[in-house]
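Novice: What follows is a structure written as structure tokens; I'll ask about it next.
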Amino acid sequence: MKPSTEQMLGLYKMMVRSRAFEEMVAEQVQKGHVPCSWMSGIGQEGTMAALCQLRSDDHMTYTHRGAYSFISRGSEPSRLLAELFGKSTGYCKGKGGRHIADLEHGVMGKSGAIGSHAPIAVGMATAIQIRGGDQVVISLFGDGTSNRGTTHSALNTSALWKLPIVWICENNGYAGAIPSADFTTFKAASDMAAAYGIPGISIDGNDPLTVYAVAGEAITRARKGAGPTLIELKTYRVGAFAIGAKDLRDPEEIMAWKQRDPIERLRRQLLEMDLLSEQLIASIDQEARIEMDSAVRFAEESPFPNPEDAYQDLYA
Amino acid sequence: MKKITLTRAVNEALREEMQRDPNVYIQGIGLRAVAPNSLTGGLHDEFGSQRVRTAPMDEPLIAGSCVGAALAGMRPVAELHLADFAFCALDEIISKAGKWRYMHGANNGMMLPIVFMQTIGGYVGGAAEHSQSPVGFYMHAPGLKIVVPTTPYDAKGLMKSAIRDDNPVLFFTHKLLGGTEGEVPEDDYLVPFGKAEVRRAGNDVTVVATSYMVSLALNAAQSLAEEDVSVEVIDPRTLEPLDLDTIVQSVRRTGRLVVVDEDTMRCGVGAEIGFQVMERCFSDMKSPVLRVGNPDLPVPYSPVLEKAVLPSSSKIQAAILRTLNPS
């Protein structure tokens, strides 16, 4: 499954915007404007090559890391940042912080406990199946989350019920500070697929065009009602677990992964294909910076909620 | 009117709501092969395996997928069987169903219309992990409505309200109440949340009792009537929302309150209701509020030990008499 010229350029722009958002958030965290910790998604934007293929009526569940999942679906950086600032104009009116929901764009909510998304993805897919629609669910999880019982529960049930789900394990090699090899026995998260009798494949998550092709096939398979697929994206977060946290990893390992940056990789490929020029690259970067500057202004100028708003929104 | 059991009443509510609304579906362990006279009996045959889903033996999956389906616009019902087993799914019930709408600032009108059915109760030799009634445990958690029906009429009308409610509802049926018979209308009707029912009127002591405890309290009230003690028995029917006004009005009249709940007393239903009444009725009280419940122990197996731990009519009678003669 190959993306069109337009799709490739669209993906590239989206990845640049996501990176610009992350860099801007890091700056705001360091300035003390964000009262929660933030797990930067820098380095893992290759996942966007899967998410960008979702239709607006498809569903997604996502991990605690980064903003690339929200940006892929069309959430606005201004309202995302306002939420991180705790402002009333944020997507959750300042009640969620990094737990973002943006139902209009299919961002359905974020679990604090990792791995709890997996049964939720099963429920979304169950709704699709009962109604007889052709939507799909992409459910992201990390290598650490592959240990949660809920992950296995959900893989089992999705296979049993042939649900339209694409499971994507973003294996960045670490759960917190601990390397994956210290808590899992399998070499690739996709090996779990064999136990549940579904297709499983492990690929380079930092190669956006490969991610696009493989995820595209899995999405098609799910849309046809042929059931779930498990894809492992081998990737890396180039920053620490959270902004400001101590990073115990080998600096050489970090440097090596920085050379494999997914955005740079796609940029090189698009340059080779003559789809990008240095001029276009600069203008895409410039546009993203302008967008993020205006997001910061929006978040700064937005009001905080009123204390009595704490009593709203418990029940529908 | 017709006379049916409480189990049958719940079953009829589920069937009628599934007929009325295609977004309602039910899932749980073993639903394809349940007894015809159980809460979900006959539903699989009528609605098929898509809408009556036989789930793996996996409570977090059953409860968590209800959250996902609700976000996608369905009205799922989870049959979790024993409340003891539902503890496996506490993250899904308490942190997802109970808190997601609030945490996400009701983004775009986020709703989580889910019913979590659970069976509670001891008195069946089930021992500590088959006998729990953790109703008060969920009262502690924000965002969950709590239903504890005691009659077939209430059970049917409250279940219909639960399914039509746009919020997560925990629906607790007691093991010993399933066979209770009562009159139920032929036509569609709802019982609203947050309206207590005075099961017996009286002037000397107010007793608030939940679920199966209502029948024990009524027995106690009947026995004491022979000793010229007039007991009012209030069945809150839902604990969230709680109809505190009905309880307060009664206590202002009687000046005495006993709260009966089957679960462990510490931080329980009795502690909460007793405290709320104290906050509003302190000057009307003639004696301290008393609780009847499990004295903070796991429910033991042997009938002799179980009886020592769980509430009974005689323990309720003793508590009522103590409020009349505080030492």
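The values are calculated or read from the model by the stated rules, or taken from the named source; none is laboratory data. Just so it is clear, the model here is predicted, and its values are computed rather than measured. Virtual Cβ from ideal backbone geometry, glycine too; neighbours counted across all protein chains shown. SASA here: full protein model, heavy atoms, side chains in, ligands and nucleic acids out. Shrake-Rupley method; radii C 1.70, N 1.55, O 1.52, S 1.80 Å.
Novice: Looking only at region A:214-247, count every residue that is more than 23 Å from A:Lys258 (Cα to Cα) and not β-branched (Val, Ile, Thr) and tell me the total.
Specialist: 13
Novice: Collect the residues in region B:79-102 that are within 17 Å of B:Gly30 (Cβ to Cβ), within 10 Å of chain A (Cβ to nearest Cβ) and open to solvent by less than 30 Å² (accessible area, probe 1.4 Å), keeping them in residue-number order.
Specialist: Listed by number, the list holds a single entry, B:Ala89.
Novice: Looking at this structure, is A:Ile120 among the β-branched types (Val, Ile, Thr), more than 12 Å from chain B (Cβ to nearest Cβ), touching a strand residue (DSSP E or B) at 6+ places or on another chain (Cβ under 8 Å) and surrounded by 24 or more Cβ atoms within 10 Å (Cβ to Cβ)?
Specialist: It is false that A:Ile120 is among the β-branched types (Val, Ile, Thr), more than 12 Å from chain B (Cβ to nearest Cβ), touching a strand residue (DSSP E or B) at 6+ places or on another chain (Cβ under 8 Å) and surrounded by 24 or more Cβ atoms within 10 Å (Cβ to Cβ).
Novice: Oh, and also: Return yes or no: is B:Val135 open to solvent by less than 10 Å² (accessible area, probe 1.4 Å), closer than 19 Å to B:Asp235 by Cβ and in contact with an Asp or Glu (Cβ under 7 Å, 6 or more places away or on another chain)?
Specialist: Criteria met by B:Val135.
Novice: Filter region B:204-249 for residues that are on the phi > 0 side of the Ramachandran plot and within 13 Å of the chain's Cα centre (by Cα) and give the result.
Specialist: B:Ser211, B:Arg237
Novice: Just for region B:51-77: of the residues that are within 21 Å of B:Gln19 (Cα to Cα) and charged (D, E, K, R), which one is farthest from the other protein chains (Cβ to nearest Cβ)?
Specialist: In this case the residue turns out to be B:Arg75.
Novice: Let me ask something else about it. May I ask you to say which residue of B:Asp261, B:Asp296, B:Asp284 is touching a helix residue (DSSP H, G or I) at 6+ places or on another chain (Cβ under 7 Å) and open to solvent by 30 Å² or more (accessible area, probe 1.4 Å)?
Specialist: Only one candidate qualifies: B:Asp284.
Novice: Which one is farthest from the other protein chains (Cβ to nearest Cβ), of the residues in region A:154-174 that are part of a helix (DSSP H, G or I) and open to solvent by 10 Å² or more (accessible area, probe 1.4 Å)?
Specialist: Only one residue tops the list, namely A:Ala159.
Novice: For region A:37-72, enumerate the residues that are without any contact (Cβ under 8 Å) to a residue 60 or more places away in the chain and within 13 Å of another protein chain (Cβ to nearest Cβ).
Specialist: The answer is A:Phe70, and nothing else.
Quick grid of which residues meet (1) in the same structural domain as B:Phe116 (by TED's automatic domain parsing); (2) aliphatic (A, V, I, L, M); (3) under 24 Å from the mean Cα position of the chain (by Cα):
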{"residue": "B:His44", "(1), (2), (3)": "yes, no, no"}
{"residue": "B:Phe47", "(1), (2), (3)": "yes, no, no"}
{"residue": "B:Ala63", "(1), (2), (3)": "yes, yes, yes"}
{"residue": "B:Gly68", "(1), (2), (3)": "yes, no, no"}
{"residue": "B:Ala72", "(1), (2), (3)": "yes, yes, no"}
{"residue": "B:Val77", "(1), (2), (3)": "yes, yes, yes"}
{"residue": "B:Asp91", "(1), (2), (3)": "yes, no, yes"}
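Novice: Now, a different point. Anything in region B:1-35 that is assigned to a loop (DSSP other than H, G, I, E, B) and buried (at least 16 other Cβ atoms within 10 Å of the Cβ)? List them, or say none.
Specialist: If we filter region B:1-35 for residues that are assigned to a loop (DSSP other than H, G, I, E, B), which is where we start, we get B:1, B:21-23, B:30, B:34-35.
Within region B:1-35, B:Asn23, B:Val34 qualify.
Novice: Could I ask something else about it? Suppose we filter region A:95-106 for residues that are open to solvent by 10 Å² or more (accessible area, probe 1.4 Å), touching a Phe, Trp or Tyr at 6+ places or on another chain (Cβ under 7 Å) and at the interface with another protein chain (Cβ under 9 Å from one of its Cβ atoms); how many remain?
Specialist: 1
Novice: Kindly indicate which of A:Lys246, A:Lys224 is among the basic types (Lys, Arg), over 17 Å from A:Val25 (Cα atoms), at pLDDT below 95 and open to solvent by 60 Å² or more (accessible area, probe 1.4 Å).
Specialist: Exactly one residue qualifies, and that residue is A:Lys246.
Novice: Do you know which residues across region A:290-316 are away from every other protein chain (no Cβ under 14 Å) and surrounded by 14 or more Cβ atoms within 10 Å (Cβ to Cβ)?
Specialist: Initial filter on region A:290-316 (away from every other protein chain (no Cβ under 14 Å)): A:290-301, A:303, A:307-308.
Selection gives A:Glu291, A:Met292, A:Ala295, A:Val296, A:Phe298, A:Ala299.
Novice: Exactly one of (1) farther than 17 Å from A:Leu233 by Cβ; (2) buried (at least 23 other Cβ atoms within 10 Å of the Cβ); (3) at pLDDT below 95 is unmet by A:Asp182. Its number?
Specialist: Against the list (1) farther than 17 Å from A:Leu233 by Cβ; (2) buried (at least 23 other Cβ atoms within 10 Å of the Cβ); (3) at pLDDT below 95, A:Asp182 comes up short only on (2).
Novice: So B:Pro241 passes all but one of these: (1) surrounded by 18 or more Cβ atoms within 10 Å (Cβ to Cβ); (2) closer than 25 Å to B:Val115 by Cβ. Which condition number does it fail?
Specialist: Failed condition: (1).
Novice: Has region A:215-224 got any residue that is more than 16 Å from A:Asp58 (Cβ to Cβ) and assigned to a loop (DSSP other than H, G, I, E, B)?
Specialist: Within region A:215-224, not a single residue is more than 16 Å from A:Asp58 (Cβ to Cβ) and assigned to a loop (DSSP other than H, G, I, E, B).
Novice: In addition: Among the residues of region B:103-123, is any at the interface with chain A (Cβ under 9 Å from one of its Cβ atoms), open to solvent by 10 Å² or more (accessible area, probe 1.4 Å) and closer than 24 Å to B:Gly268 by Cβ?
Specialist: Within region B:103-123 (the criterion being at the interface with chain A (Cβ under 9 Å from one of its Cβ atoms), open to solvent by 10 Å² or more (accessible area, probe 1.4 Å) and closer than 24 Å to B:Gly268 by Cβ), the answer is no, since none of the residues qualifies.
Novice: Pick out the one residue from B:Arg252, B:Arg256, B:Arg291, B:Arg322 that is touching a Cys at 6+ places or on another chain (Cβ under 9 Å), on the phi < 0 side of the Ramachandran plot and surrounded by 15 or more Cβ atoms within 10 Å (Cβ to Cβ).
Specialist: B:Arg252
Novice: For region A:196-209, give me the residue count where each residue is outside any strand (DSSP E or B) and either surrounded by 16 or more Cβ atoms within 10 Å (Cβ to Cβ) or in contact (Cβ under 8 Å) with a residue 40 or more places away in the chain (or both).
Specialist: Residues in region A:196-209 being outside any strand (DSSP E or B) and either surrounded by 16 or more Cβ atoms within 10 Å (Cβ to Cβ) or in contact (Cβ under 8 Å) with a residue 40 or more places away in the chain (or both): 8 in total.
Novice: Answer yes or no: is there a residue in region A:29-48 that is of a type in the set (Phe, Trp, Tyr) and part of a loop (DSSP other than H, G, I, E, B).
Specialist: yes
Novice: Of A:Ala127, A:Ala113, which residue is within 8 Å of another protein chain (Cβ to nearest Cβ), open to solvent by 20 Å² or more (accessible area, probe 1.4 Å), closer than 23 Å to B:Ser95 by Cβ and free of Cβ contacts under 8 Å to residues at least 40 places away in the same chain? Steps first, answer last, please.
Specialist: On the way: A:Ala127 fails: open to solvent by 20 Å² or more (accessible area, probe 1.4 Å).
Being within 8 Å of another protein chain (Cβ to nearest Cβ), open to solvent by 20 Å² or more (accessible area, probe 1.4 Å), closer than 23 Å to B:Ser95 by Cβ and free of Cβ contacts under 8 Å to residues at least 40 places away in the same chain holds for just one of A:Ala127, A:Ala113, which is A:Ala113.
Novice: What is the residue count in region A:53-78 for residues that are within 13 Å of the chain's Cα centre (by Cα) and open to solvent by 40 Å² or more (accessible area, probe 1.4 Å)?
Specialist: 1
Novice: Still on this model: A:Tyr91 versus (1) in contact with a strand residue (DSSP E or B) (Cβ under 6 Å, 6 or more places away or on another chain); (2) under 24 Å from B:Ile26 (Cα atoms); (3) within 7 Å of chain B (Cβ to nearest Cβ): which is the lone unmet condition?
Specialist: It is condition (2) that A:Tyr91 fails.
Novice: Here's something else I'd like to know. Can you tell me how many residues in region A:129-153 are assigned to a loop (DSSP other than H, G, I, E, B) and over 12 Å from A:Thr63 (Cα atoms)?
Specialist: Number of matching residues: 6.
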